[in-house]
Amino acid sequence: MGSQGRTRRGAVVTDPERRETLARTPSPVAWLLVAIAASFLGLFLVLPLVAVFAQALAKGLGPALAAIADDETLSAIRLTLMTVAIAVPLNVGFGLAASWAIAKFEFCGKSFLVSLIDLPFSVSPVVAGLVFVLLFGARGLLGPALADQGLQVVFAVPGIVLATTFVTFPLVARELIPLMQAQGNEEEEAAITLGASGWQTFRRVTLPKIRWGLLYGVILCAARAMGEFGAVSVVSGHVRGETNTMPLHVEILYDGYDFVGAFAVASLLALTALATLGAKSWIEARGPRRSVA
Amino acid sequence: MSIEVRAVSKRFGRYRALDGVSLGIEGGELVALLGPSGSGKTSLLRIIAGLEVPDAGSVLFSGRDATGEAPRDRGVGFVFQHYALFRHATVFENVAFGLRVLRRRDRPTEARIAERVHELLSLVQLDGMAGRAPAELSGGQRQRVALARALAVEPRVLLLDEPFGALDAKVRKGLRRWLRRLHDDLAVTSVFVTHDQEEALEVADRVVVMNEGRIEQIGTPDEVYRSPATAFVVEFLGQANVLHGRVDRGRARFGAIAVDAPEHLGALDAPAIGYVRPHDLELARDCAAGPALAATVREVRPLGPIVRVQMQEDATGAALEAEVSRHELEALGLAEGQRVFARPRRWQVFARPDVR
């Protein structure tokens, strides 16, 4: 048993070594490809990012910080964070339920459900926003009835949360479905035969198995919820200090020729994007190593 | 605990996995469910465990109907073919799982859990491995962790799905002898699924041979090997020479040879098939010992302690295979192209209705 393990490990070691020697002698073609990729990245990713920060700090750090400390900006930040705090847990709950159902059970209409989950990706966010206006607007299907109850959805916070939830709806589920399908059911069945209840099986077996995928989905979902513009723009009504999220606020400031303010808020958004990227690569580096070794 | 399976049927869509299967297993027995893939043996095991619900029929544990019971209430331990260890947890936590999910009032203290886990790890000869992750273990070690995990909850029935299927030949042989000893020490009723006849014959008290969702034969390893009930059992339990002949009122005739076939007294000149295992074919240079099949040697191939002799029957052109000891071979002085006489020592005769 032992000697076979060693030979197997030995064989694995020689392979990457060979690959490394191949990689150590880059050909002119490799250089060309790297140059193309690097210049593309520089032009479309790094340069704009630098421009955002440069514009924000064009008049120094003071005005930039002052723009962020502005009441309306702070209210936009609060609204954005609140939207994220509602939309992400909703979509985590939904994503877990949907991926559990899809990965663990056979039922008719399964492929239809899968394509339905993808719908928010294939529909333009503006159309999504319009759907909510049609449903909940003053002349919409449900709007008048809800207005009678004193509940305003469109041009108010509930509409923004709804639109954001809709747009970020597939992110957690999309991340979990293939993961859960690949992992199969055996560990859960083992837990059940060992006497675990449904909840114990979920908490002690399924959740640890999918935790990295779930965390990844949550981060993507949060990032997208923060940055959503189109759908939110349609339902928000742009009431300053009340229904303005950060991306909408950037637009208003920019339209008002307040470039420092616009780019200061934009750099906050860019920073959250960078943080997402960092968290994402941390998970990618850490997740598989933890689950394999 | 005894297990009784009564007329269990199960379909998956259009595929019929089990078709009215009935089976009784005594408490403390070690039973093998043996059959080719798709014979329904794993479905039967999963139904006993409660992981699948039968479409019809019932499962009784010690006479109590358990058909509708959840797996957690049945007191069964299940060992999965691919082990199904919790990949995120250490060996220790894998084994401790069944104790940790007990209802609070039944749950042992942390110290007692640790003691029990170490007991079990030493039982499966994995002392010192408690802190490892499943991915750091070899296949045989994982299998033993899976076994320790299943034993932690003190099951009254141990169910094993292809327990040695994913291991290489050498580890497999050692592990199955070890499992047999473990079963004898623990005195727990055990059922294991296998497609390897050698494994079933070596380890089990009784063998249940399955084919296409039905049971072909239940018996001790010796019974199923020496007195197979159907042609399928003969063919599945190892190599056999197939001879075509006729059976008439309890007497079967294959070329020059006539044998008694008392189980076919009612057959009137019906087509019959005779099976002879290669080691039951006696070779001689003449037919002085009695009627024999005349054949020509095609190949002589030594295989370790025995020698396999391939022949062609002169009358029908059918291929025959015999296994003789090296000693016999030297005495006979066989070479390719030579004439030999093959005389079967043991026969299995099946009249046409039994023949597939």
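Assorted remarks:
- Within straight-line cross-link reach of A:K110, aspartates and glutamates at Cα separation under 19 Å, skipping those fewer than 8 residues along the same chain: A:D118, A:E175
- Helical contribution to [θ] at 222 nm, DSSP H n ≥ 4, -39,500 (n - 2.57), averaged over chain B, rounded to 500: -7500 deg cm²/dmol
- Chain pair A, B: total accessible area buried, heavy atoms, 1.4 Å probe, Å²: 2300
- Cut-off of 10 Å, at most 15 other beta carbons, DSSP loop: longest stretch of chain B lacking such GluC sites (Glu not before Pro): B:70-211
- Of the residues in the range B:62-103, those shielded by at least 30 Å² of accessible area once partner protein chains are present, compared with the chain alone at a 1.4 Å probe, are B:P71, B:R72, B:F80, B:A84, B:F86, B:R87, B:H88, B:F97, B:R100, B:V101.
- With every protein chain in place, the protein assembly as shown: carbon and sulfur % of accessible area (1.4 Å): 59
- Size of electric dipole in the protein assembly as shown: Cβ of Lys, Arg +1 and of Asp, Glu -1, about Cα centre, debye, nearest 20: 680
- Annotation note: chymotrypsin sites (Phe, Trp or Tyr not before Pro) in the range A:41-133 located in DSSP loop regions with a Cβ neighbour count of at most 10 within 10 Å are A:F105, A:F107.
- Taking amide H as placed 1.01 Å from N in the peptide plane, the amide H of B:N241 sits under 5 Å from that of B:V276, B:R277, each at least 5 places away or on another chain.
- Only the Cβ atoms of Lys and Arg (+1) and of Asp and Glu (-1) were treated as charged; on that basis the dipole of the range A:64-126 about its Cα centre amounts to roughly 340 debye.
- Choice from B:A292, B:A322, B:A111 showing the highest fluctuation, given a GNM over chain B with Cα pairs closer than 10 Å: B:A111
- Test item: Cα-centred dipole of the range B:93-247, Lys/Arg +1 and Asp/Glu -1 on Cβ, debye: 480
- Burial of accessible area (probe 1.4 Å, heavy atoms of protein chains only) in the range A:198-242, relative to its chain alone, reaches at least 10 Å² for A:Q200, A:R204, A:V205, A:P208, A:K209, A:R211.
- GNM top mover of A:N91, A:N185, A:N244 - chain A, alpha-carbon springs below 10 Å: A:N185
- Solvent exposure of the range B:1-121, expressed per residue, is 42 Å² of accessible area, with all protein chains present and a 1.4 angstrom probe.
- Relative contact order for the range A:80-216, counting Cα pairs under 8 Å that sit 6 or more residues apart, in percent: 34
- Gaussian network model of chain B, springs between alpha carbon atoms under 10 Å - residue of B:T189, B:T90, B:T316 with greatest fluctuation: B:T316
- Reach of B:K10 by Cα under 18 Å, taken over lysines that are not fewer than 8 positions away in the same chain: B:K41
- Taking 20 Å as the limit for the C-alpha separation, the pairs A:K104/A:K209; A:K104/A:K280; A:K209/A:K280 exceed it in the case of A:K104/A:K280.
The values are calculated or read from the model by the stated rules, or taken from the named source; none is laboratory data. Owing to the predicted nature of the structure, the values given are computational and were not obtained by experimental measurement. Positions of Cβ are backbone-derived with ideal geometry, glycine not excepted, and every protein chain shown enters the neighbour counts. These area figures cover heavy atoms from the full protein model, side chains too; ligands, DNA and RNA do not enter into them. Shrake-Rupley method; radii C 1.70, N 1.55, O 1.52, S 1.80 Å.
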